[in-house]
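A.B. asks: This is the structure, below, for whatever I ask next.
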């Protein structure tokens, strides 16, 4: 009988440094979502009222959020148009409040507009710019470098902001989408580093659902390790998304279990940051996966130990 061997474990994730803290294989980061909108796709994260947003912030931090991602515009094409001035009015006062209430928590601004990020930087500061629409505004990257924030490189298949996918293809199928995502993220990350953002503050996000079918998103999820191999910390934004809903034929209110299954797979394959509506559940999943991988010790080890 031969001796036991170690099971294969995927490559460790690249580390993220943000607001003086390190997030890596032993401490993945949970990014809480707070939408300052009346029309978020999931009713459970509509915080147009500032007091509602404040309560959501406090609850997220208490549940284990490391980063809080604040957005002022619904991602999809449904809902009213939001001018840049209105977007800034939604997010900047909240960022000011959040910084005062939780000075150690990293703050992320979810926007594609440089003018909104500039207003936020001037009045509130931020640690990360989450550019969710693949550099649609080329000034946003340079603004992030200028003010010293981290930067999220995304992939939307070239669609303009707030555009839902329609008849999307990435030939040759089934892996054409992976090739396109890897090329886009690699080039975007290289531009960010060239602009002066340190590699450990450049996140790459395959951006599931955006410019993709459900089949595309599932393909990218199972190939998370290929995105990790780019050498930058990987952000996976999976929470209650349509690819989960279509896979299980469920509405947003019933997508938690599917989201957590996807989260566990992405964590095992080396993602570093997880954007989540359900912070406590996500925190527990990514910590458990880190321990299964062997990167995080259990918090308690008394079972079977001599007393």
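The values are calculated or read from the model by the stated rules, or taken from the named source; none is laboratory data. The structure presented is a predicted model; accordingly, all values stated were derived computationally and were not measured. Virtual Cβ from ideal backbone geometry, glycine too; neighbours counted across all protein chains shown.
A.B. asks: Find the residue count for segment 114-132, including only residues that are assigned to a loop (DSSP other than H, G, I, E, B) and either at pLDDT below 95 or buried (at least 24 other Cβ atoms within 10 Å of the Cβ) (or both). Show your work before the answer.
C.D. replies: The first filter runs over segment 114-132 and keeps only residues assigned to a loop (DSSP other than H, G, I, E, B), leaving 124-127, 131-132.
Of the ones still in play, those that are also either at pLDDT below 95 or buried (at least 24 other Cβ atoms within 10 Å of the Cβ) (or both) are 124-126, 131-132.
The total comes to 5.
A.B. asks: In segment 160-180, is there at least one residue being under 27 Å from residue 74 (Cβ atoms) and under 16 Å from the mean Cα position of the chain (by Cα)? Reasoning before the result, please.
C.D. replies: First, the residues of segment 160-180 that are under 27 Å from residue 74 (Cβ atoms): 160-170, 177, 180.
Filter once more, keeping what is under 16 Å from the mean Cα position of the chain (by Cα): none.
For segment 160-180, residues under 27 Å from residue 74 (Cβ atoms) and under 16 Å from the mean Cα position of the chain (by Cα): absent.
A.B. asks: Has segment 287-303 got at least one residue that is crowded, with 16+ Cβ neighbours inside 10 Å, closer than 20 Å to residue 150 by Cβ and either touching a helix residue (DSSP H, G or I) at 6+ places or on another chain (Cβ under 7 Å) or in contact (Cβ under 8 Å) with a residue 40 or more places away in the chain (or both)? Reasoning before the result, please.
C.D. replies: So the first thing to find is which residues in segment 287-303 are crowded, with 16+ Cβ neighbours inside 10 Å, and the list is 287, 289-290, 293, 295-296.
Checking which are closer than 20 Å to residue 150 by Cβ leaves us with none.
The answer is no, given that none of the residues of segment 287-303 is crowded, with 16+ Cβ neighbours inside 10 Å, closer than 20 Å to residue 150 by Cβ and either touching a helix residue (DSSP H, G or I) at 6+ places or on another chain (Cβ under 7 Å) or in contact (Cβ under 8 Å) with a residue 40 or more places away in the chain (or both).
A.B. asks: Is it fair to say residue 279 is closer than 25 Å to residue 110 by Cα and in contact with a helix residue (DSSP H, G or I) (Cβ under 6 Å, 6 or more places away or on another chain)?
C.D. replies: yes
A.B. asks: Go through (1) in contact (Cβ under 8 Å) with a residue 60 or more places away in the chain; (2) part of a loop (DSSP other than H, G, I, E, B) for residue 170 and report which single condition fails.
C.D. replies: Status for residue 170: all satisfied but (1).
A.B. asks: Test residue 157 against the stated conditions and say whether it is assigned to a loop (DSSP other than H, G, I, E, B) and touching a strand residue (DSSP E or B) at 6+ places or on another chain (Cβ under 9 Å).
C.D. replies: Working: assigned to a loop (DSSP other than H, G, I, E, B): yes; touching a strand residue (DSSP E or B) at 6+ places or on another chain (Cβ under 9 Å): no.
Considered against the rule, which asks whether it is assigned to a loop (DSSP other than H, G, I, E, B) and touching a strand residue (DSSP E or B) at 6+ places or on another chain (Cβ under 9 Å), residue 157 comes out as no.
A.B. asks: While we're here: Of all residues in segment 190-237, count the ones that are assigned to a loop (DSSP other than H, G, I, E, B) and under 16 Å from the mean Cα position of the chain (by Cα).
C.D. replies: So the count comes out to 7.
A.B. asks: Separate question: Would you kindly identify the strands (runs of 3 or more DSSP E) lying entirely within segment 1-92 that contain at least 3 residues that are in contact with a strand residue (DSSP E or B) (Cβ under 6 Å, 6 or more places away or on another chain) and either surrounded by 13 or more Cβ atoms within 10 Å (Cβ to Cβ) or at pLDDT 95 or above (or both)?
C.D. replies: 29-35, 67-71
A.B. asks: From the list 267, 261, 271, exactly one residue is surrounded by fewer than 18 Cβ atoms within 10 Å (Cβ to Cβ) and at pLDDT 95 or above. Which is it?
C.D. replies: Result: 261 is the single residue among 267, 261, 271 that is surrounded by fewer than 18 Cβ atoms within 10 Å (Cβ to Cβ) and at pLDDT 95 or above.
A.B. asks: Same structure, new question: If a residue must be under 18 Å from residue 282 (Cβ atoms), surrounded by fewer than 24 Cβ atoms within 10 Å (Cβ to Cβ) and under 17 Å from the mean Cα position of the chain (by Cα), how many such residues does segment 242-257 contain?
C.D. replies: Within segment 242-257, residues that are under 18 Å from residue 282 (Cβ atoms), surrounded by fewer than 24 Cβ atoms within 10 Å (Cβ to Cβ) and under 17 Å from the mean Cα position of the chain (by Cα) number 2.
A.B. asks: Is there a residue in segment 239-262 that is closer than 24 Å to residue 26 by Cβ, assigned to a loop (DSSP other than H, G, I, E, B) and touching a strand residue (DSSP E or B) at 6+ places or on another chain (Cβ under 7 Å)?
C.D. replies: Yes, that holds for at least one residue.
A.B. asks: Sticking with this one: In segment 72-99, which residues are under 20 Å from residue 160 (Cβ atoms), in contact with a helix residue (DSSP H, G or I) (Cβ under 6 Å, 6 or more places away or on another chain) and in contact (Cβ under 8 Å) with a residue 60 or more places away in the chain?
C.D. replies: Once the filter is applied, which keeps residues that are under 20 Å from residue 160 (Cβ atoms), in contact with a helix residue (DSSP H, G or I) (Cβ under 6 Å, 6 or more places away or on another chain) and in contact (Cβ under 8 Å) with a residue 60 or more places away in the chain, segment 72-99 yields only 73.
A.B. asks: With in contact with a helix residue (DSSP H, G or I) (Cβ under 7 Å, 6 or more places away or on another chain), modelled with pLDDT of 95 or more and under 19 Å from residue 269 (Cβ atoms) as the only criterion, which of 178, 235 stands out?
C.D. replies: 178
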